[in-house]
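The values are calculated or read from the model by the stated rules, or taken from the named source; none is laboratory data. What you are looking at is a predicted structure, and each value in this text was computed from that prediction instead of being measured. Cβ coordinates were reconstructed from backbone atoms using ideal geometry, including for glycine residues, and neighbour counts include every protein chain displayed.
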Amino acid sequence: MDDRAAPPELPPALVLTGPTASGKSGIAIELTRCLPCEIVSVDSALVYRGMDIGTAKPDAATRARVPHHLVDLLDPTERYSAARFVDDALAAMAGIIARGNLPLLAGGTMLYLKALASGITDLPHADPATRSVIDAMAADSGWPAMHAELARFDPDTAARLDPNDAQRIQRALEVYYLTGEPMSKLLRERPPKPLPYRLVQAALVPSDRAVLHQRIEARFDEMLELGLIGELRRLRETHALDPDLPSMRCVGYRQAWAYLDGHASLGQLRSTGIAATRQLAKRQLTWLRSMPEVATFDCLGADPLGQVLDFYAGMLAA
């Protein structure tokens, strides 16, 4: 969807995205001092309670001062999805607009941002009972076998999924069990609902990838110093976690899990965590290159906050 072509009567919503360690969170908070906006997190890790250090979650004092939505929604044993994000984001945005403020969608989960901008097909909501049955079947036979089961009645969806992609295989099976129709057929027959907002999208990108890598390394070291390993140890003591849960596949937690299980040294935890974070940043930048409607600004420049603020002001006045 080309946001610049959206009807002008739609209420505006600001977007601030970019790769990890580009400074999104800090600039988003500063923007709330300059504009009447509330932050809506676009981050698949910030939704989890107790995962604070490894997600660089804004602290309680900051969140008390600056409204943040879609943070601390779930326990780390639960699953989140792009479809649920869209529902939650739209609800939060409606409330912000009703209060006379602007939504500021800030974060780097590009799949969520793309889903919001492009629209989500009207599919059934998650059903815990159905998911429990699917998970029990997968525990018995494995996700490749569940992928083969999906291929029997929805070969189009199965063809685009990895046989070990538990989350997406589960969702495709769930949709079929709830509706009796293949998800691929429903996606073709039910056009997505258009977004009822005019997105004003900005991204922070580095002019020098090496400097971003230095930032990533420094931030990961800081997470280790703040107690990432201890945080994960406490989460494992208080929740029935396993390494295949989406929360535990988050960068940093996945590597810390291997360390706690004795499969990696502290040095290996650090090196693999930094490498995984760099790969995440690379994927985020690849997403951004496919999104020409997003205006980009150098996060390493002299005044990225001022540039983004001027951009928003100009687009809001247009």
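Points worth noting:
- When the range 249-271 is filtered for residues that are under 13 Å from Ile216 (Cβ atoms) and among the hydroxyl-bearing types (Ser, Thr, Tyr), only Ser271 remains.
- The one condition in (1) at pLDDT 95 or above; (2) within 19 Å of the chain's Cα centre (by Cα) that Ala256 fails to fulfil: (2)
- Every condition in (1) in contact (Cβ under 8 Å) with a residue 24 or more places away in the chain; (2) out of contact with any helix residue (DSSP H, G or I) (no Cβ under 8 Å at 6 or more places or on another chain); (3) outside any helix (DSSP H, G or I) holds for Lys57 except the one numbered (1).
- Positions within the range 193-230 being without any contact (Cβ under 8 Å) to a residue 60 or more places away in the chain and under 20 Å from the mean Cα position of the chain (by Cα), in sequence order: Phe220
- All of Ile97, Ile39, Ile53 fail the test of being at pLDDT 95 or above and in contact with an Asp or Glu (Cβ under 6 Å, 6 or more places away or on another chain), apart from Ile53.
- Any pair with Cβ under 7 angstrom, 6 or more apart, that starts in the range 82-109 at a residue that is of a type in the set (Val, Ile, Thr) and ends at one that is not in a strand (DSSP E or B): Val86/Ala115; Val86/Leu116; Val86/Ile120; Ile97/Pro11; Thr109/Val42; Thr109/Asp43; Thr109/Ser44
- Filtered by the rule that a residue be out of contact with any Phe, Trp or Tyr (no Cβ under 9 Å at 6 or more places or on another chain) and of a type in the set (Ser, Thr, Tyr), the range 158-183 gives Tyr177, Thr179.
- Selected residue [within 30 Å of Ser271 (Cα to Cα) and either modelled with pLDDT of 90 or more or among the hydrophobic types (A, V, I, L, M, F, W, C) (or both)] from Ala129, Ala166, Ala159: Ala166
- The residues on offer are Ser184, Ser271, and the sole one that is free of Cβ contacts under 8 Å to residues at least 60 places away in the same chain and assigned by TED's automatic domain parsing to the domain that holds Ala172 is Ser184.
- Note on the range 202-226: residues that are assigned to a helix (DSSP H, G or I) and either of a type in the set (S, T, N, Q) or outside the structural domain of Met51 (by TED's automatic domain parsing) (or both) total 1.
- The range 23-42, residues that are touching a strand residue (DSSP E or B) at 6+ places or on another chain (Cβ under 8 Å) and charged (D, E, K, R): Lys24, Glu38
- The condition of being of a type outside the set (Phe, Trp, Tyr), surrounded by 18 or more Cβ atoms within 10 Å (Cβ to Cβ) and either more than 20 Å from Leu309 (Cβ to Cβ) or assigned by TED's automatic domain parsing to the domain that holds Leu280 (or both) holds for only one of Pro76, Pro36, Pro11, that being Pro76.
- Verdict on Ser247 being surrounded by 14 or more Cβ atoms within 10 Å (Cβ to Cβ), among the small types (Gly, Ala, Ser) and closer than 30 Å to Ala13 by Cβ: yes
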